[in-house]
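Only the coordinates and a few stated rules stand behind these numbers; no lab work does. The shown structure was predicted, so the numbers you read here are calculated from the model rather than taken from an experiment. All Cβ positions, glycine included, derive from the backbone under ideal geometry; neighbour counts span all protein chains shown.
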Amino acid sequence: MLVFKKSVMVCLLSVLVSGCLAVESSDTSPDTAAMKRWQDMRFGMFIHWGPVALKGTEIGWSRGKQVPTEEYDRLYEQFNPIEFNADEWAQTAADAGMKYLVITAKHHDGFCLWPSAYTDYDIASTPFKRDVISELARACKKHDILFCTYYSVCDWYHPDYPLGSPAGRSQKAEHNMDRYYAYLKNQTKELIDNYGPLGLMWFDGEWEKPWTRDYGNGLYTYLKDIQPTLLINNRVSKGRHGMAGTTKQSHLNAGDFDTPEQRIGGFNRKRPWETCMTICRQWAWKPNDNMKSLKECIQTLLYTVGGDGNLLFNVGPMSDGRIESRQVERLKEMGDWLEQHGDTVYGTRGGPFKPGKWGASTCKDNKINLFVMNWPKEGPLQMPALPMKIVKSEIKTGGQLRISSNEETIDIHVPVKDRREIATVIELTVGGQAFEIAPADVALYKSGSVAFGKPAKASNVFQNSEQYVPAKALDDDAETRWATDAGTKEAWLEVDLGKDMTIDRAMIHEGDWNRVRKFELQYKSGSQWKTAYTDSTIGAEKQFEFSPVTARYFRLNILQAIEGPTIWEFQIFESK
Ligand code: H79
């Protein structure tokens, strides 16, 4: 009891003194200039490399699986990448239009790419001996690329770290987490001291049990004290929503940005984020791995920046030290595109038109860049009207452009022959700061639903992910959805039409999920919800009519579901 009281007191005091809870205090928010500099870069190179390249299996994860642990842990004895040329790697990144680089100084397998004073399981013990991290840091500096390191907080090799394999299937006999934590602090400090200042420290492996929020938040403040301009990802602490990479309780869990993995993050201007994604399938080199097409590569970048995020694009160099030539070529092709259109990417912010099937947009000062990636089957692409005048418009990928606008829409006409396979780039110059325009959805096909693009609320959102917000059911895009947490049996989605409207028809699309067993369509009358229609299942494109009701707020109320319901589209129509 005494202890409890004391801790409450301390909490209250620290709230009074620092003005807010632990990680919200000034020493745990990122350096503003460093954050802006990094966000302006938008595109970086991720490198996963180590002795495992000798096997061509996945770094860390293949240890004790495809490769027996004893064999994996001795690969370093043969690691001799004599073709390694840091200058070439930095040149490849620069030619791709990448502005920063993050390399696996240490992955989950514990091997260190630099000669560490705290372990012999490092590059100095290989036949190669050379300090890869040092050579790369220097080459990056020369090519004006911001150098950064990846460091896994889980270490399946280190005797002090409790777990010995993924999912803790093997435990070490004499582990000592506090001692391991000291090792980890020494090593990360060593990286900053020897190769810093670093752009960012990219942590990973934090989901494992031995890693606690206290360890994470402690490490965060420890490193920020050493280098205040250092940026640190959210995986330093706990609270990551799986591969979506967003952060639960970001006021409690340190971290400067979110980290969606192998997927593009949802539109978010409030919290910085960076998608990490592989150019092939595997993080580490794999022979004949499936490589992404140029279209996939560039569209991934554009959808990411259009959502206001950065892209950290991964290559896994081979065991001889070279990056596969087909990957170098693909990256160069991205660089060629950026050479032409870099001003629409670097230093821009996502929006104001939110990414969707149609494409994505970025903005800077009085310019809006549209990346149109899909067109309606017929007619022009219709964008919602802007609260600012369009003073000029230009098609940057060549050809003809005609724009006609009225109070509600901006119609973008580009003849089929002038539409580009990857993205048709259009620049709009507006009569004000484009970033101040409220972000809006764009529909490729218009349903005519009055709920389209209107403010929405929901009982819950799957992992609080931007990707599954209720707006996704109101965007006339049947490929995006509102999703609820696993195990949800009852849920609602509410829309505010902004004014009273008379509705007598609806279309709800649950795809082939068929999880709903009972639902009702409701409208608000005074402070009460009333039911306009009720039914059992939904399924694909369910259309129904009911006696006209007039209200401003409508909701889909799911009364019974067999699993967390997902709704791809919720459309309601005015009675004619
Ligand atoms: O370094 C690359 C991968 O080796 C590493 N992160 C990228 C940057 C990676 N870590 N984990 N994974 C890849 C996939 C693992 C997913 C899971 Fe989990 C770990 C599933 C359950 C535990 C993370 C935490 C996702 C959900 C909870």
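Relative to the longest principal axis of the Cα atoms of the chain, the long axis of helix 325-341 makes an angle of roughly 50 degrees. With contacts taken as Cα pairs under 8 Å at a separation of at least 6 residues, the chain carries a relative contact order of 11 percent. All other residues whose Cβ lies under 14 angstrom from that of LEU401 are scored, Lys and Arg at +1 and Asp and Glu at -1, for a net of +2. Across segment 116-123, computed HN-Hα scalar couplings (Karplus, 6.51 cos²θ - 1.76 cosθ + 1.60, θ = phi - 60°) run 8, 6, 10, 7, 9, 7, 8, 4 Hz from first to last residue, x flagging Gly and Pro. By the helix-only formula, in which each DSSP H run with n ≥ 4 contributes -39500 (n - 2.57) and the sum is divided by residues, the chain has a 222 nm mean residue ellipticity of -6500 deg cm²/dmol. For segment 106-207, the set of GluC sites (Glu not before Pro) satisfying both a DSSP loop assignment and a count of at most 15 other C-beta atoms within 10 Å is given as GLU174. Each part reduced to its alpha carbon centroid, segment 42-102 and segment 296-338 end up 16 Å apart.
Among the GluC sites (Glu not before Pro) in segment 455-537, those located in a DSSP loop and surrounded by at most 15 other Cβ atoms within 10 Å of their own Cβ are GLU479, GLU490. Pairwise inverse Cα distances across segment 28-340, averaged and inverted, put the Kirkwood hydrodynamic radius at 19.4 Å.
Residue by residue, segment 398-405 carries 3J(HN,Hα) couplings of x, x, 9, 9, 10, 10, 10, 10 Hz when phi is fed to the Karplus relation 6.51 cos²θ - 1.76 cosθ + 1.60 (θ = phi - 60°); x denotes Gly or Pro. Counting 0.36 nm for each residue step from LYS454 to ARG517 and taking away their Cα separation leaves a gain of 20.0 nm. What Kirkwood hydrodynamic radius, in Å, does segment 456-574 give when the mean of 1/r is taken over all pairs of distinct Cα atoms and then inverted? 14.0 Å is the Kirkwood radius here. Here, segment 386-463 yields an orientationally averaged convex hull projection of 7.9 nm² when only Cα atoms define the hull.
DSSP beta bridges fully contained in segment 28-340 are about 10 percent antiparallel. The slack in the chain from PHE544 to TRP207, taken as 0.36 nm per residue of separation less the alpha-carbon distance, amounts to 116.8 nm.
Taking one quarter of the surface of the C-alpha convex hull of the chain gives a mean projected area of 29.9 nm². Summarising the amide proton neighbourhood of ALA105: residues at separation of 5 or more, or on other chains, whose placed amide H is nearer than 5 Å comprise TYR150. Put simply, the Cα atoms of segment 349-436 extend 32, 25, 22 Å along their principal axes, the longest span coming first. Straight-line reach from LYS499: which lysines fall under 20 Å, measuring Cα to Cα and dropping same-chain residues less than 8 apart? Within the straight-line cut-off, LYS499 pairs with LYS454, LYS457, LYS524, LYS530, LYS576. Here's the list of lysines a cross-link from LYS185 could span, going by alpha-carbon distance under 16 Å and ignoring same-chain residues fewer than 8 apart: LYS106, LYS224.
Across segment 349-436, the mean sequence separation of Cα contacts (distance under 8 Å, 6 or more residues apart), normalised by length, yields a relative contact order of 37 percent. To the nearest Å, what is the center-to-center distance of segment 441-475 and segment 142-192, using C-alpha atoms only? Here the answer is 41 Å between Cα centres. Beta bridges from DSSP with both residues in the chain: antiparallel share about 70 percent, rounded to the nearest 5. When the GluC sites (Glu not before Pro) in segment 326-406 are filtered for DSSP coil states and for at most 13 other beta-carbon atoms within 10 Å of their beta-carbon, the remaining sites are GLU378. Axis angle, to the nearest 10 degrees, between helix 213-226 and the longest C-alpha principal axis of the chain: 70 degrees. The mean sequence distance of close C-alpha pairs (under 8 Å, at least 6 residues apart), as a share of the length of segment 512-553, puts its relative contact order at 43 percent.
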